[in-house]
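Visitor: Before we start, here is the structure in question, set down as structure tokens.
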Amino acid sequence: VWDDPIASRKLEDMTRTDFREWRKRLQEGRQNRSVNRQVRAVVAGLNRAVAEGHSGNPEAWNIDPLADDVEIEEPLFLTPKHRASIIDAASPACGDVLRAIEYTGGRPGELAATTTADLDKKGATLTLRHKKGRPPKVRARGVVLSDDALAFFKGHAKGKTPKVHLLLDPNGNPWSRHKWADEVQAAITAVNDNARGEARIPKGASAYSFRHARISELLQDYGIDPLTVANQTGTSVRMIEQHYHRFIAPALRKKLAQIDSK
């Protein structure tokens with residue numbers, strides 16, 4: 001709040017438009033569920049201020065929450081060149097978070113929370129956890145790692161005790177909430193300051209876009225069935241059908257063309 005223009009508004013002058021615009025700015029690089037949680041905290045503070053006798057209209061901040069039962073509204077696909085340019089522009093620590101997403105298809109927050117104990121070197125799996133459902137419950141899944149992915153995570157686990165996080169921020173600390181989002185946006189800005197045409201990163205790209213790309217490529221480039229992709233990435237077949245099928249069509253046309261040519 002303090003770093004946002006809304007901080008300069010007087011409580012009694014606050015309008016619903018002001019509050020909605022603040023929430024919209026808050027959405028950049030964040031999931032709806034996280035935004036709703038932060039909005040609730042601010043609303044509680046504003047309501048308390050009014051209860052303590054300060055002037056203000058609670059209707060100004062009485063807005064409907066964002067839908068948080070849908071994982072994504074519209075996936076944005078980043079090409080391999082887009083992703084490589086963002087990783088190159090990011091700090092090495094932030095770049096490693098993005099590489100981890102590419103290897104697993106996991107959510108940024110899941111990967112930031114992993115510890116050395118979550119890596120099964122012999123079984124070549126990494127345990128990721130995500131809260132899902134109503135009420136939200138923590139659900140764990142074992143993500144199967146490729147040889148390259150296993151080597152990547154082994155490198156981050158080397159010399160660490162089981163409770164230490166696998167991925168650390170540039171200062172050597174666990175990633176704080178949304179810090180990676182700010183760093184990714186800074187990297188995207190750096191790329192677009194010099195990029196032209198198709199090399200520019202599309203508007204709306206975020207760390208989550210790396211997850212979208214991984215899911216899409218598993219489906220269309222590598223031909224992995226939707227059920228396996230859903231289990232690997234912690235989503236559902238319904239979500240894949242609803243949001244990712246449009247990415248499968250180009251690959252399907254190529255395969256059909258191959259059949260027709262025989």
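The values are calculated or read from the model by the stated rules, or taken from the named source; none is laboratory data. Everything numeric in this text was worked out from a predicted model, so none of it was measured. Quick reminder, even Gly has a Cβ in these numbers, built from the backbone with ideal geometry, and neighbours come from all protein chains shown. When the accessible area is computed, the model is the full protein with side chains, heavy atoms only, and any ligands, DNA or RNA have been set aside. Shrake-Rupley method; radii C 1.70, N 1.55, O 1.52, S 1.80 Å.
Visitor: Quick one: in the stretch 15-54, of everything that is in contact with a helix residue (DSSP H, G or I) (Cβ under 7 Å, 6 or more places away or on another chain) and among the polar types (S, T, N, Q), which residue is nearest to Ala181 (Cα to Cα)?
Guide: The extreme case among them is Gln27.
Visitor: Restricting to the stretch 112-135, name every residue that is open to solvent by less than 30 Å² (accessible area, probe 1.4 Å), of a type in the set (A, V, I, L, M) and either closer than 23 Å to Asp169 by Cβ or without any contact (Cβ under 8 Å) to a residue 12 or more places away in the chain (or both).
Guide: Across the stretch 112-135, the qualifying residues are Ala112, Leu119, Leu126, Leu128.
Visitor: Would the stretch 166-187 turn up any residue that is in a helix (DSSP H, G or I), modelled with pLDDT of 95 or more and either crowded, with 19+ Cβ neighbours inside 10 Å or β-branched (Val, Ile, Thr) (or both)?
Guide: There is at least one residue in the stretch 166-187 that is in a helix (DSSP H, G or I), modelled with pLDDT of 95 or more and either crowded, with 19+ Cβ neighbours inside 10 Å or β-branched (Val, Ile, Thr) (or both).
Visitor: Kindly indicate the residue of the stretch 51-61 that is touching a residue at least 12 places away in the same chain (Cβ under 8 Å) and farther than 30 Å from Gly109 by Cβ and also surrounded by the most Cβ atoms within 10 Å (Cβ to Cβ) among those meeting that condition.
Guide: Restricting to residues being touching a residue at least 12 places away in the same chain (Cβ under 8 Å) and farther than 30 Å from Gly109 by Cβ, the top hit is Ala60.
Visitor: Then there is this: State which residue is nearest to Gly53 (Cα to Cα) when the search covers only the stretch 6-36 and only residues that are hydrophobic (A, V, I, L, M, F, W, C) and exposed (fewer than 15 other Cβ atoms within 10 Å of the Cβ).
Guide: That would be Leu11.
Visitor: Then there is this: Here are some conditions: (1) assigned to a strand (DSSP E or B); (2) surrounded by 11 or more Cβ atoms within 10 Å (Cβ to Cβ). Val138 meets all but one. Which one does it not meet?
Guide: Single failed check for Val138: (2).
Visitor: Moving on to the next point. Look at Trp2 and say whether it is part of a loop (DSSP other than H, G, I, E, B) and of a type in the set (Phe, Trp, Tyr).
Guide: Yes; evaluated as a whole, the condition is true for this residue.
Visitor: For the stretch 106-119, indicate whether the set of residues that are hydroxyl-bearing (Ser, Thr, Tyr) and in contact with an Asp or Glu (Cβ under 7 Å, 6 or more places away or on another chain) is non-empty.
Guide: No: the stretch 106-119 contains no residue that is hydroxyl-bearing (Ser, Thr, Tyr) and in contact with an Asp or Glu (Cβ under 7 Å, 6 or more places away or on another chain).
Visitor: I've got another one for you. Could you tell me which residue of the stretch 144-176 is nearest to Ala112 (Cα to Cα), considering only residues that are in contact (Cβ under 8 Å) with a residue 12 or more places away in the chain and among the basic types (Lys, Arg)?
Guide: Ranking the candidates gives Lys163 first.
Visitor: With Leu66, Leu46 as the choices, which residue is modelled with pLDDT of 85 or more and open to solvent by less than 40 Å² (accessible area, probe 1.4 Å)?
Guide: Of Leu66, Leu46, the one residue that is modelled with pLDDT of 85 or more and open to solvent by less than 40 Å² (accessible area, probe 1.4 Å) is Leu46.
Visitor: Could you tell me how many of the residues in the stretch 191-218 are in a helix (DSSP H, G or I) and closer than 15 Å to Gly106 by Cα?
Guide: The number of residues fulfilling the criteria is 12.
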